[in-house]
Structures are given as structure tokens and as C-alpha cells.
1. Return the only residue of L26, L82 being open to solvent by 90 Å² or more (accessible area, probe 1.4 Å), in a helix (DSSP H, G or I) and within 29 Å of G249 (Cβ to Cβ).
2. List every residue pair whose Cβ atoms lie under 6 Å apart, where the two residues are 6 or more positions apart in sequence or sit on different chains, the first residue falls within the range 157-182 and is more than 11 Å from F146 (Cβ to Cβ), and the second residue, located anywhere, is open to solvent by 40 Å² or more (accessible area, probe 1.4 Å) and outside any loop (DSSP other than H, G, I, E, B).
3. Across the range 243-260, what is the number of residues that are closer than 25 Å to L292 by Cβ and either open to solvent by 10 Å² or more (accessible area, probe 1.4 Å) or part of a loop (DSSP other than H, G, I, E, B) (or both)?
4. If V63 passes every condition in (1) modelled with pLDDT under 90; (2) of a type in the set (A, V, I, L, M); (3) within 24 Å of W179 (Cβ to Cβ) but one, which one does it miss?
5. Within the bounds of the range 58-72, is there any residue that is open to solvent by less than 30 Å² (accessible area, probe 1.4 Å), part of a strand (DSSP E or B) and touching a residue at least 60 places away in the same chain (Cβ under 8 Å)?
6. Quick check on the range 95-110. Is at least one of its residues β-branched (V, I, T), open to solvent by 80 Å² or more (accessible area, probe 1.4 Å), under 26 Å from I234 (Cα atoms) and at pLDDT 85 or above?
7. Would you mind finding the one in A291, A236, A277 that is in contact with a Phe, Trp or Tyr (Cβ under 8 Å, 6 or more places away or on another chain), under 21 Å from A89 (Cβ atoms) and small (G, A, S)?
8. Filter the range 263-274 for residues that are touching a residue at least 24 places away in the same chain (Cβ under 8 Å) and out of contact with any Phe, Trp or Tyr (no Cβ under 6 Å at 6 or more places or on another chain); which is least open to solvent (accessible area, probe 1.4 Å)?
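The values are calculated or read from the model by the stated rules, or taken from the named source; none is laboratory data. Computed from a prediction, not measured in an experiment: that's the story for all the values here. Virtual Cβ from ideal backbone geometry, glycine too; neighbours counted across all protein chains shown. Surface accessibility is based on the protein's heavy atoms, side chains included, excluding ligands, DNA and RNA. Shrake-Rupley method; radii C 1.70, N 1.55, O 1.52, S 1.80 Å.
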Amino acid sequence: MATAMTPGMTVRTLRGSGADRILPYLMLGPALFLVLGVVVYPFIDGVRSSTGFYRFGRVVRDVGLDNYAQAFRDPLFIEALLTTLRFVAIAVTIETVLGLALALLCARDARFIRRIRMTLILPMIVTPVVVGIIFRLIYASDVGLFAVMARSVGLDPPQILSNGTSAFAGLILLDVWEWTPLLFLILLAGLQSLPVEPFEAARVDGATSWRTFLDHTLPMLRPTILVAVTLRAIDALTTFDQVYVLTRGGPGTSTQLISIYGYQTFFQFQQVGYAAAMLFMVALVMLVAAALAIALMRRRTA
């Protein structure tokens, strides 16, 4: 007569057979293969491709580090790199300031505050390509929102995407609209995790809200701010979808980020090895930034 196997019997059976030792590795197997296939293999293949000279998609010869040396002699690469750094610095700074201000405003727990929080995170969940299309329609000089508003007050419609400076500013506005909610969520979580005792003591001592922010909130929140800025800067370095849909790097090269230049070098000019070398250097910068973010997180939780 068969007997039902209890959970305790199952555990004893696994321990007795030694299967409990390999079970954790078996459960990690699918995730490990996914990481190897999606991250590790493309990374290794990119390093290999960066040292080759390609023609019609086939490697002709190995050129060593010539592609890396060519990047530093390429004025378009230097310009794209500087444009990317300027874009990241301006966008992330604005997003951090706005995210912190919104987090301070929404730190209280009230019904209308909860609704505001839900509304603020909506831009972040919209697909980047859709965001680019929406802002391209907003900036359009014929039927765009700004054009309609300008005509309603008797002004000429602005040519936002036709001018390098205004196109870059429009790209900054797009990024701020889409990714400020991310900084808002991270900083709001940081605010809600702060201890309440220093703030109660400051209130008893008669400190103003501004002094409390400078003396208590900002110092205790600094590790969270550093982590949020680092994570957002890593993501901003790889911005592609919105730029490609909105301006494709134009007019001229005013909004040509390193991701756009790498894409054009790879797919339009068929310089596979050179494009791989450029993007590999950007990937190294991102890895260093990611390591910094992890170190900051560990320091925050220590």
C-alpha cells in the first residue's frame, strides 16, 4: 500500500541523496545562461570586433588598438562625446533638483498626496519611442502645440527642431519630463527611510524648515542622492530612442550623442570595428559608474 510522502520526508530524501547540494545551482542555471547569452557573450564579441577591420560585414584583418587610437583622432567622436557629457550633466542636474523638490512636497502621507504620486510616475512608464513621437508632434512648426500657442497670441511659430540650440534644449526638456519621476521615486524612498528623532529635536529647538533641510535632511539623504544620480547618469549615457525619433542627431551634429554616432558608424558607414571600439569605451565608463553605484549602495546599507 502506497503511503503519502510528507515534506519532511522529501527534505530528508534530498539530504540523503546529496541533491540538496546541487539544487541551488540548478535553480540558478536558467538565470546564469540568460546572463551569459545576453550580457557576457555580446560583451566578449564586442571586444573581439573592436580590434578588427571589417568589409561588407566580414573581418578582413586584425588591427589591434588602431580603432581605439582612431577614436581619439576623430573630431566627430570627440564632439559626440562632449555633447553626450553636456546632455547628461544638464539633464541629470535638473532631474535631481526637481525630483528632490517633488519628493519633499510629497513626503507627507495624505489622500491627495497619494494621487499626486501616481500622477507623477506616469511619464516614466511610457515607452521612450512613444515619448519621442509625442514631443516631435509638440515641437512641430506647423501643427505642434507650441506653434498653435504662438499663433493664438499673434507670434510666429517657433522652429524648435530647426535650430541646434533649441533642438538640444528640446531634447533636455523631453528627458527631464520622462525621467524626473525616477529620481522622485528614489529620493522619496530615501526621505521616508530617514529617522524621525533628529527632526523632532530640531522642531523642539525651534529650527526653521530651511535649517532643518540643510542640517539634517540633506546630509542624511546625500548617499541616496549619489546613488540616484549615478544610476540616472549611467542610463542617460545610453540615451538613443528619444534622440533617434526626435532629431536623429540633427540639425547638423547639435544633438548627436555618442549612441547616435555609434549607430551611424555601424549601420550607415559599415565601420563595424570602429563602432565597436567606440561603444566599448563607453561601456567601460558605464561599468566604472555601475561599480561606484554598487559601492555607494553597500555603504548606505552598512
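1. Working: L26 fails: within 29 Å of G249 (Cβ to Cβ).
Just one listed residue meets the conditions, L82.
2. Going by the 6 Å Cβ cut-off, the qualifying pairs are A167/L161; I172/I90; V176/I94; T180/L98; P181/L120; P181/M124; L182/M124.
3. The total comes to 2.
4. V63 satisfies all of (1) modelled with pLDDT under 90; (2) of a type in the set (A, V, I, L, M); (3) within 24 Å of W179 (Cβ to Cβ) except (3).
5. no
6. Within the range 95-110, the subset β-branched (V, I, T) is 96-97.
Cutting the leftovers down to open to solvent by 80 Å² or more (accessible area, probe 1.4 Å) gives us 97.
When the remaining residues are screened for being under 26 Å from I234 (Cα atoms), the result is 97.
Then keep just the ones that are at pLDDT 85 or above; that gives 97.
Yes, that holds for at least one residue.
7. On inspection, the qualifying residue turns out to be A236.
8. Of everything passing the filter in the range 263-274, Y274 is least open to solvent (accessible area, probe 1.4 Å).
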